[in-house]
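The values are calculated or read from the model by the stated rules, or taken from the named source; none is laboratory data. Keep in mind that this is a model prediction, so the values were computed, not measured. Methodologically, a virtual Cβ is constructed for each residue, glycine included, from the backbone with ideal geometry; neighbour enumeration extends over all protein chains shown.
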């Protein structure tokens with residue numbers, strides 16, 4: 001069965017083009033014209049694996065739609081917008097987006113981002129990774145604390161935290177993190193790593209303090225007592 005993608009955009013020609021691009025790559029694509037329709041479809045269709053959202057939509061815009069999706073689902077979200085600056089990328093990520101590209105975009109770039117997001121959820125292993133005081137549950141994208149408290153992470157936050165833990169006490173540059181988490185075909189700004197680290201720390205609470213920043217070098221996950 002083809003992987004199902006939901007694409008929300010009020011511009012009919014973009015809906016037609018994106019649907020054509022992705023269906024040529026053997027994806028199943030459902031299109032809607034606003035955020036309200038997107039939310040209704042996500043709640044009624046459990047086969048949707050990834051959502052592509054335009055920012056400037058009527059009724060419910062892309063930002064609000066993204067926030068609402070995050071309250072009911074943990075699927076990857078790719079934002080599309082004509083506002084191609086870092087501030088908007090940061091805003092999107094802070095509101096739950098996993099990735100972000102600007103219009104106009106190429107077929108190759110869109111497909112690379114979609115494949116990258118889907119690859120991460122398709123390769124999730126069933127094993128659990130543990131460290132001092134918590135466990136990563138790869139079946140649910142959760143951090144389970146020793147007090148049985150559960151912290152749900154977004155897909156990219158989870159993969160980022162996992163990579164840092166696997167490489168405990170090793171300094172990882174932005175470029176290496178991009179390669180491990182986003183994939184070698186990522187074309188975006190390396191500073192997206194900084195934005196995701198900030199978001200991850202905030203979501204982890206006290207646990208986030210174990211992620212150290214090393215000026216001009218990168219990031220490092222350190223144990224509780226280091």
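From the list 197, 170, which one is within 23 Å of residue 114 (Cα to Cα) and in contact with a strand residue (DSSP E or B) (Cβ under 7 Å, 6 or more places away or on another chain)?
None of the other options fit; the residue is 197.
Can you tell me which residues in the range 160-188 are at pLDDT below 90 and surrounded by 22 or more Cβ atoms within 10 Å (Cβ to Cβ)?
Correct list: 181, 182.
Determine whether residue 159 is free of Cβ contacts under 8 Å to residues at least 40 places away in the same chain, in a helix (DSSP H, G or I) and within 15 Å of residue 116 (Cβ to Cβ).
Considered against the rule, which asks whether it is free of Cβ contacts under 8 Å to residues at least 40 places away in the same chain, in a helix (DSSP H, G or I) and within 15 Å of residue 116 (Cβ to Cβ), residue 159 comes out as yes.
Scan 176, 204, 164 and give me the residue that is assigned to a helix (DSSP H, G or I) and within 20 Å of residue 96 (Cα to Cα).
Answer to the selection: 204.
Determine whether the range 31-46 contains at least one residue that is in the same structural domain as residue 106 (by TED's automatic domain parsing), in a strand (DSSP E or B) and either within 15 Å of residue 79 (Cα to Cα) or at pLDDT 95 or above (or both).
Checked the range 31-46: at least one residue is in the same structural domain as residue 106 (by TED's automatic domain parsing), in a strand (DSSP E or B) and either within 15 Å of residue 79 (Cα to Cα) or at pLDDT 95 or above (or both).
All but one of (1) under 17 Å from residue 115 (Cβ atoms); (2) at pLDDT 95 or above hold for residue 9; state the number of the condition that does not hold.
Failed condition: (1).
Which residue out of 14, 27 is at pLDDT below 95 and within 20 Å of residue 99 (Cα to Cα)?
14
May I ask you to list pairs of residues, at least six apart or on different chains, whose Cβ atoms are under 7 Å apart, with the first in the range 72-91 being closer than 21 Å to residue 115 by Cα and assigned by TED's automatic domain parsing to the domain that holds residue 61 and the second being surrounded by 20 or more Cβ atoms within 10 Å (Cβ to Cβ) and at pLDDT below 75?
Going by the 7 Å Cβ cut-off, the qualifying pairs are 79/92.
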